[in-house]
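The values are calculated or read from the model by the stated rules, or taken from the named source; none is laboratory data. What you see is a predicted model, and the numbers here were worked out from it, not measured in a lab. Please note: Cβ atoms are built from the backbone with ideal geometry, for glycine as well, and neighbour counts cover all protein chains shown. Each accessible area value is taken on the protein alone, full model and side chains, heavy atoms only, with ligands, DNA and RNA left out. Shrake-Rupley method; radii C 1.70, N 1.55, O 1.52, S 1.80 Å.
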Amino acid sequence: MFSSKSAAKRRFQLVLIKPSHYDKDGYVVQWVRSTMPSNSLAAVYSLALGAAERQLLGPDLPIDVIAMDETNTRVRPQAIARQIKQNGGLGLVGIIGVQSNEFPRAVDIARRLREAGIQVMIGGFHVSGCLSMLKELPADIQAAQALGISIYAGEAEEGLDEVLTDAARGELRPLYDHMKHLPDIGDIPSPPFLPVDFVRRTIGNVTSFDAGRGCPFQCSFCTIINVQGRKSRYRSPDSVEKILRWNYAQGVNRFFITDDNFARNKDWEAIYDRIIKLREEDGLDIRFCIQVDTLCHRIPNFIDKSKRAGVTRVFIGLENINPANLIAAKKRQNKITEYRKMLLEWKRVGIMTYAGYILGFENDTPESILHDLEIIKKELPLDMLEFFVLTPLPGSEDHKVLYEKGVWMDPDMNKYDVEHVVTAHPKMSADEWSGIYQAAWGAYYTDDHLETIMRRAYACGINLRSLRTVLFWFSSAVPVEGLHPLQWGIFRIKHRRDRRSGLPIESPIPFYARYAADIARKVTMVAKRWRHLTRILNKVEADPNARLYMDEALTAVADEDSEHMDLYTQNVAARTAVERERRVAAKTGNGHVTNGNVANGNGKNGHDEHGHDGNGHDHAHHAHDEPHPAEPASPLV
Ligand code: B12
Ligand code: SF4
C-alpha cells in the first residue's frame with residue numbers, strides 16, 4: 001500500500017485498488033512480483049493526487065490517496081474499512097481498470113466493503129464497454145448496483161472531481177456515465193504516475209503510460225474503439241517528457257507505452273523527437289516497448305526513429321495469416337503481403353518482435369491452425385508469438401451481435417481472459433478449440449524453433465541474453481502455470497481465505513499440501529526450462545558461423561516469394577490477397593507486391609487503399625526492454 005498521508009484529524013480516504021481475478025480453483029491470482037504496473041491505476045492515482053494537492057474537498061478535509069495492485073498485494077477489505085473509520089469515516093474505495101475477467105473479483109471485494117458500510121465505485125473496460133455497446137445494463141452490473149456499488153463508465157480525467165465531491169457528501173450516484181464525451185488528454189496537469197515503491201513490486205524497472213488513446217480501425221473483436229473511440233487523442237511531447245522525467249528522477253527508466261497502436265498516435269513523430277533529444281542531448285538512458293500495426297514500416301522514418309528513441313521491443317497485432325479470417329473479422333488492414341517486409345525491417349534495426357495470434361476465427365480448425373504455425377515458423381522472421389482465444393469481449397461488436405441474437409455466451413465473466421472458450425465455434429467443438437489453444441504454445445516453441453529464433457536473432461544483432469528471458473517467459477507460462485504469459489508473475493501467492501464467493505474455504509492440510517506440491521513442481525519445471533534455453537544459447541554463441549546464419553525467413557523479400565512461399569500460396573484466400581495487392585501495386589505504379597519498395601516507397605504514410613488513416617494492434621500489450629546489467633530483466637516489457 002502506498003499513501004500520500006500526512007497527519008490531520010478528519011481525512012478523506014481514497015483507496016484505489018486494481019483487482020486481480022480468480023484461477024480455475026477460485027483463488028486470487030497473485031504474485032510476489034507481478035509483471036508490470038498498471039497504467040489504469042497510474043492514470044487514476046495521479047489524477048487523485050492532483051485533486052488532493054488542489055485541496056478539492058477544502059482545507060478542512062484533506063485527501064489521502066492509497067493505491068494497491070492486487071496482482072502483487074493482498075487486499076484486506078476489513079483493514080480498509082477500519083482505516084476509513086479511524087480517519088473520521090469519510091472515504092471511497094475505487095476499484096480501478098476492471099476488465100471483464102476481473103469483474104467478479106472486483107464485486108467480491110466491493111461486497112465485503114459494502115457490508116462494512118464503505119462507499120465503493122467500479123470503473124474500467126468492462127463497465128465502459130457494456131455501457132457503450134448494450135441497450136440495457138447486463139445482469140452482473142445491475143447486481144453490483146443492487147449491492148450499492150456505484151458504476152463509473154468512461155475516462156476519469158474530467159469526472160473524478162465530481163465523484164470525490166459526491167463521495168465526501170455521502171451522495172454517490174449508482175451510475176456515472178461519461179461515455180459520450182472523450183476527454184482531451186493533451187496537457188493535463190496530472191498524467192499517469194506511480195511511485196517507485198509500486199514499480200518495485202513488479203519485475204524489472206519498468207513502468208507504463210499511455211501516450212495516446214483511440215484507434216481508427218474497426219476490428220469486430222475489438223473493445224478499444226468502442227470505449228476509447230476511433231479518433232487519436234494524444235499527450236503532448238511536453239506531457240510525455242514530464243512523465244519520463246518524473247520517473248527518471250525516481251530511478252525508473254524503462255517504459256511500456258500502452259497505446260494499442262503507437263504508430264497511429266498522430267503525434268508519434270513529435271513524441272519520438274522529444275525522446276530522442278532526451279536520450280541523445282540530455283543523456284537520459286530510457287528505453288521503451290511499444291505496440292504497433294503490421295503497416296507501421298510504411299510510415300516514413302517510423303522504424304528508424306523507434307530505434308533512436310530507444311525502443312527495444314515491439315508488439316505487433318498480427319492476429320492471423322489467413323486473409324479470409326482477417327476479412328471476416330474486419331481486420332482488412334492486416335495484409336499478409338506486408339508481414340515479411342515489416343518483420344525484416346524490425347530485424348534490420350535489431351528490435352525484438354512479439355506478435356499476437358488469435359485462434360478461433362471462423363475458418364480455423366485444429367489442423368489449419370497447426371499448419372499455419374508451421375508456415376509462420378518457416379517463413380516469418382518473428383521472435384515471440386503469443387496466442388489468444390477469439391473472445392466476444394464485452395464492449396466489442398462481436399459481443400454485441402451475439403448478445404442481441406441471444407447466442408449462448410458463458411455467463412462467468414472470470415473466463416473472459418482470452419484464454420478460455422466462452423462461446424460456440426462453427427467448425428470446432430469447445431474441447432477442440434481449447435485443446436488447440438493449449439497445443440499451439442508447444443507447437444510454436446519447440447526445441448528446434450527456439451534454437452532457430454535465437455540463431456535468427458543473433459545474426460541480426462539482438463541481445464541473446466535478453467531474448468532468452470523473454471523466450472523463457474513466453475514458452476513456459478502456459479505449461480508451468482497454466483496461465484497466459486501476460487498474467488504470469490514471480491512466485492505465486494495463494495491465500496486460503498481469499499476464495500471466490502460461493503466456494504468453500506478449504507481446510508488447511510489439503511490446501512497447504514497441494515500448494516507445496518505445486519510450488520515444488522513449478523520450481524523444477526522452471527529450472528529445467530531455463531537450463532535448456534541456456535544450453536541453446538551457449539550452442540549458438542559457440543558457433544563461429546552464427547553471425548552468418550541465414551534461412552528462408554531472413555531472406556530479403558522478392559517477387560518470386562509469391563510463387564513458392566506457403567504464406568502466399570497455401571489457399572485460395574492467400575492467392576486472392578496476393579493478386580489483389582498486385583493489382584493495387586500496378587494501379588499506383590509502386591512496384592511489386594512482395595517487394596519492400598511497394599510498401600516503403602509510396603509515401604502514403606500507412607494509409608491503405610480504403611483510405612484508412614492507419615491501423616492498429618491491440619490486445620497483448622507487452623514486450624521488453626534491454627536489461628540493465630544490475631537489474632533483473634522484465635520478461636514482458
Ligand atoms: C496495458 C494493458 C494491459 C497490461 C496492464 C494492465 C493495465 N491496465 O495497465 C497487462 C499486460 C497486464 C494486461 C493484461 C491483460 N489484458 Co490488457 N490491456 C492493456 C491496454 C492495452 C491498455 C490499458 C490502459 O492503460 N488503458 C488506458 C487507461 C487509462 O484506460 P482505462 O483502463 O479504461 O482507465 C480509465 C477509465 O476506464 C477510468 N477508470 C478506470 N477505472 C476507474 C475507477 C474509478 C473509480 C473511476 C472514477 C474511473 C476509472 O479512468 C481511467 C483513466 O481515464 C488495454 C487496451 C486499452 N486501450 O485500454 C488492454 C485491455 C484492457 N486488456 C484486455 C485484456 C483482455 C487483458 C488480459 C485478459 C489478456 C491476457 N489474457 O493476458 C490480461 C488480463 C490481466 C488480468 N489481471 O487478468 C482487454 C480488456 C477487455 C475487457 N472487456 O475486459 C483490453 C481492453 C484490450 C482488448 N483486447 O480489448 N493488459
Ligand atoms: S487494430 Fe487493434 S485497436 Fe484497432 S480496431 Fe483493430 S483490434 Fe482494435
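Considering only the other residues whose Cβ falls under 12 Å of the Cβ of R455, what net charge follows from Lys and Arg at +1 and Asp and Glu at -1? Within the 12 Å Cβ shell, the charges total -3.
Working note: Karplus 6.51/-1.76/1.60 with θ = phi - 60° gives the range 469-476 the couplings 4, 5, 5, 4, 5, 6, 8, 9 Hz, where Gly and Pro are set to x.
Per-residue extension of 0.36 nm, minus the Cα-Cα distance of N363 and Y515, leaves a gain of 50.7 nm for this segment.
Taking a sphere under 13 Å around the Cβ of A110 and counting the other residues whose Cβ falls inside, with K and R at +1 and D and E at -1, yields a net charge of -1. Compute the orientation-averaged projected area for the range 131-288 from the convex hull of its Cα atoms and round it to one decimal in nm². About 11.5 nm², averaged over all directions.
When the inverse distances between all different Cα atoms of the range 234-331 are averaged and flipped, the Kirkwood radius reads 14.4 angstrom. Applying 0.36 nm per residue to the separation of E115 and A558 and subtracting their alpha-carbon distance, the gain on full extension is 152.8 nm. Residues whose amide H falls under 5 Å from that of I151, counting only those 5 or more places apart or on a different chain, are I122, L175, Y176, with hydrogens built in the peptide plane.
Viscosity 0.692 mPa s, temperature 37 °C: give me the Stokes-Einstein translational D for the chain in µm²/s, with Rh taken as the Kirkwood radius over C-alpha pairs. It comes out at roughly 129 µm²/s. Could you state, as a whole-number percent, how many of the C-alpha pairs of the range 365-443 are farther apart than 15 Å? The answer is 61 percent, as a whole percent. Hull volume per residue, based on the alpha-carbon atoms of the range 13-144 and their convex hull, is 127 Å³.
Charge tally for A553 (other residues, Cβ to Cβ under 10 Å; Lys, Arg +1; Asp, Glu -1): +2.
Counting only DSSP beta bridges with both residues in the chain, the antiparallel share comes to about 20 percent. Dipole check for the chain: with +1 at the C-beta of Lys and Arg, -1 at the C-beta of Asp and Glu, and the Cα centre as origin, the magnitude is about 1660 Debye. Compared with the rule-of-thumb size 2.2 N^0.38 Å for a compact globular protein, the range 293-441 has a Cα radius of gyration ratio of 1.13.
Where the accessible area of the chain is counted over protein heavy atoms with a 1.4 Å probe, how much of it, in %, is carbon and sulfur? Looking at the chain in its full context, I get 53 percent from C and S. Contact order, relative form, for the chain: 18 percent (alpha carbon pairs under 8 Å, 6 or more residues apart, mean separation divided by residue count). Each of Q13, V28, G88 was scored by the projection of its Cα onto the charge dipole of the range 1-113, and the greatest displacement toward the positive side belongs to G88; charges sit on the C-beta of Lys, Arg, Asp and Glu. Taking a quarter of the surface of the Cα convex hull of the range 212-271 gives a mean projected area of 4.5 nm².
The value obtained for the range 505-571, namely the Cα convex hull volume divided by the number of residues, is 172 Å³ per residue.
The peptide list 560-572, 210-222, put in order of mean Cβ contacts within 10 Å with the highest first, becomes 210-222, 560-572. The simple Förster model, with R0 at 25 Å and r as the Cβ-Cβ distance, assigns E281 and R33 a FRET efficiency of 0.15. Choose one of I462, G489, Y512: the residue whose Cα lies farthest towards the positive end of the charge dipole of the chain (beta-carbon charges +1 Lys, Arg; -1 Asp, Glu; about the Cα centre). After comparing all options, I get Y512. By the Cβ rule of 4.7 Å, the chain holds the following cysteines without a possible disulfide partner: C130, C215, C289, C296, C460. Its Kirkwood hydrodynamic radius, worked out from the mean inverse distance over all distinct Cα pairs, puts the range 422-510 at 16.4 Å.
What are the lysines whose alpha-carbon lies under 18 Å from the alpha-carbon of K277, with same-chain residues fewer than 8 places away excluded? Within the straight-line limit of under 18 Å, K277 reaches these lysines: K242, K305, K307. Quick one: compute the contact order of the range 57-162, relative version, from alpha carbon pairs under 8 angstrom and 6+ residues apart, as a percent. This gives 24 percent for the range 57-162.
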